[in-house]
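The values are calculated or read from the model by the stated rules, or taken from the named source; none is laboratory data. Here the structure is a predicted model, which means the values were calculated and not measured. Virtual Cβ from ideal backbone geometry, glycine too; neighbours counted across all protein chains shown.
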Amino acid sequence: FPNWAYKTESSPGSRQIQLWHFILELLQKEEFRHVIAWQQGEYGEFVIKDPDEVARLWGRRKCKPQMNYDKLSRALRYYYNKRILHKTKGKRFTYRFNFNKLIFLYCP
């Protein structure tokens, strides 16, 4: 995963963070490996091991206590059209970042 994606962490109450960046934050921290983790040997691919917990953490970060996985997955699907995230076919709760597209869109 590219180092440029790990900017200084947004403040916990910040509503400015985007979901893709929040996911990268979780993926980089050892303490969240039981809920979300990189897939070994697959560049940019990750699996959400505990969808409800990831949704709860996202809801807490965005000050939206009613957040659930259905709502979070809807937000993830928004990234499909932007081509910055893809669902991995045949693997439940597994996604792949398109880092080339992220670099193009968000790297200065």
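Residues in the stretch 49-71 include none that are among the small types (Gly, Ala, Ser), modelled with pLDDT under 95 and surrounded by 15 or more Cβ atoms within 10 Å (Cβ to Cβ). Among all residues of the stretch 12-34, there is at least one that is at pLDDT below 85, on the phi < 0 side of the Ramachandran plot and of a type in the set (S, T, N, Q). The set of residues from the stretch 76-85 being surrounded by fewer than 16 Cβ atoms within 10 Å (Cβ to Cβ) and either among the small types (Gly, Ala, Ser) or in contact (Cβ under 8 Å) with a residue 12 or more places away in the chain (or both) comprises LYS82, ARG83. Taken over the stretch 78-88, the criterion of being of a type in the set (Lys, Arg) and modelled with pLDDT under 95 is satisfied by LYS82, ARG83. Residues in the stretch 50-91 that are part of a loop (DSSP other than H, G, I, E, B) and of a type outside the set (Val, Ile, Thr): ASP50, LYS62, CYS63, LYS64, PRO65, GLN66, MET67, ASN68, ARG83, LYS89, GLY90, LYS91.
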